[in-house]
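Report on the structure given below.
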Amino acid sequence: MKYGAPWWLPGGQLQTIWPALYARRFSGPPPHYRRERWDTPDGDFIDVDFLQENASVAPASTPAPDPRRPLLVIFHGLEGSSRSHYGEALAGVARERGWACALPHFRGCSGELNRAPRAYHSGDHAEIAWILQRLRAQHRGPLVAVGVSLGGNALLHWAAQVGTDAARSVDAVAAVCAPLDLAAGGHAIGRGLNRQIYTRMFMKTLVPKALQMLNRHPGLFDREALLAARDLYAFDNVITAPLHGFKNTEDYWQRASAKPLLDAICIPALVLNALNDPFVPAASLPKSADVGRCVTLWQPAHGGHVGFARGVPPGDVRAMPESVAVWLAQHCAAPPVPLESAVSATKKAQSIHG
């Protein structure tokens, strides 16, 4: 698989940061969403954003969308949302292809604190299962799912856990820049420049949300230990691990990692990781011997962490969504794309998977 980063965007750090902040995410107007709140079986809630037909893209005279068209489900990364750069880019590509699109938010990530004394984590396969089953029950056409970073690990973890039963919910899945070995990724993001950039960014939102949760559920965890946490290892030890049934950070990182389970996946699964991802070390990525026959590995030399920018400055981040969409369409019973659109999408896909 080939991906050529623009000459003006060298290195994994720049290929991660620039696309997230400055690159174009979609063609045309921003994706417009309709939000649904779903009550969870344990008395909590999640918010799901559904892509709406935009008036400037689909005039009133346009026929109603085919209910049998594919549905693309997007699971975001740590502290992400439907407005993350990759979420909007994937939704934009779904819109162009005439697909329906749903972007579920993990608990506490939709702008409102969740009710229950829990949050979300990289191995939250039960939550993935519940969301996909509900979407499957209400959608008549093919259903495919993409998980980005944390969401990618959780999605693959689910697919491996349920084995052949995964086909009841989805036709195919893709994981983009997922830290499949959580210990390797966790240690990498806690060192050097990564610690100064990404750890600080994540802790800036994780800690305040945890303190709000503590106010709602007094005694849930040690407040002083949380305030003393300076990295994700410490945060997971105080919050993520105990709140979700793990002994400690090491236990969480080991049991929630999807890499050891990849040979158990029984549906078409694409695993895309750039070799220069700043906090997913190349040495930790799976090799062909680590995966089953249903898993396809794409590991381009460049792209950063969910970057894959292309073009002239400021560039755009559509190379990854377009390529992933082409792959997913090949593995589901999708209605045919008009010839001109299919040729255009295939040519664009060459920029990332050759």
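The values are calculated or read from the model by the stated rules, or taken from the named source; none is laboratory data. Computed from a prediction, not measured in an experiment: that's the story for all the values here. Here Cβ is always computed from backbone atoms with ideal geometry, including for glycine, and neighbour counts include all displayed protein chains. Areas reflect the complete protein model, heavy atoms only, side chains present, ligands, DNA and RNA absent. Shrake-Rupley method; radii C 1.70, N 1.55, O 1.52, S 1.80 Å.
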The chain: relative contact order as a whole-number percent, Cα under 8 Å and 6+ apart: 25 percent
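Normalised by the residues of segment 105-201, what does the relative contact order come to in percent, with Cα pairs under 8 Å and at least six apart?
Over segment 105-201, the number comes to 25 percent.
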message: Under 5 Å between amide hydrogens, which residues at least 5 positions from ASP316 or on another chain qualify, with H placed 1.01 Å from N in the peptide plane?
response: ARG24, ARG310
field: Angle between the chain longest axis and helix 12-21 axis [Cα atoms, degrees, rounded to 10]
entry: 70 degrees
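What's the FRET efficiency of ARG35 with LEU113 using the Cβ-Cβ distance as r and R₀ = 25 Å, to the nearest 0.05?
With a Förster radius of 25 Å, E is 0.95.
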- prompt: Which percentage, to the nearest 5, of the DSSP beta bridges contained in the chain is antiparallel?
  reply: 35 percent
field: segment 195-257 - charge dipole about Cα centre, Lys and Arg +1 at Cβ, Asp and Glu -1, debye rounded to 20
entry: 260 debye
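Packing-wise, with mean Cβ within 10 Å as the measure, how do 177-190, 110-123, 24-37 rank, highest first?
The densest-packed peptide leads the list: 177-190, 110-123, 24-37.
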- prompt: Share of the chain's accessible area from carbon and sulfur, percent, 1.4 Å?
  reply: 55 percent
- request: Apply 1/(1 + (r/R0)^6) to the Cβ-Cβ distance of ARG216 and ASN248, taking R0 = 22 Å, and write down the FRET efficiency to the nearest 0.05.
  value: 0.35
query: Which FRET efficiency, nearest 0.05, do PHE45 and ALA283 yield, Cβ-Cβ r, R0 56 Å?
result: 0.90
statement: Sorted on mean Cβ neighbours within 10 Å (highest first), peptides 292-301, 138-147 come out as 138-147, 292-301
field: Charge dipole (debye, nearest 20) of segment 214-309; +1 at Cβ of Lys and Arg, -1 at Cβ of Asp and Glu
entry: 180 debye
query: In degrees, nearest 10, range 0 to 90: what is the angle between the Cα axis of helix 200-216 and the longest Cα principal axis of the chain?
result: 60 degrees
task: Report, in deg cm²/dmol and to the nearest 500, the calculated mean residue ellipticity at 222 nm for the chain, where each DSSP H run with n ≥ 4 adds -39500 (n - 2.57) and the sum is divided by the residue count.
output: -10000 deg cm²/dmol
- prompt: About the Cα centre of segment 1-147, what is the dipole size in debye to 20, counting +1 per Lys and Arg Cβ and -1 per Asp and Glu Cβ, all else neutral?
  reply: 400 debye
field: Candidate values (1) 19.4, 61; (2) 21.7, 64; (3) 19.8, 66, label of the one derived for Rg and Dmax of the Cα atoms in Å
entry: (1)
- request: Within 10 Å, count the other beta carbons around each residue, average over each peptide in 260-268, 247-255, and list them highest first.
  value: 260-268, 247-255
message: I want to check the label-to-label distance for ALA234 and ALA126. Put each point 7 Å from Cα in the C-beta direction and report it in nm to one decimal.
response: 3.0 nm
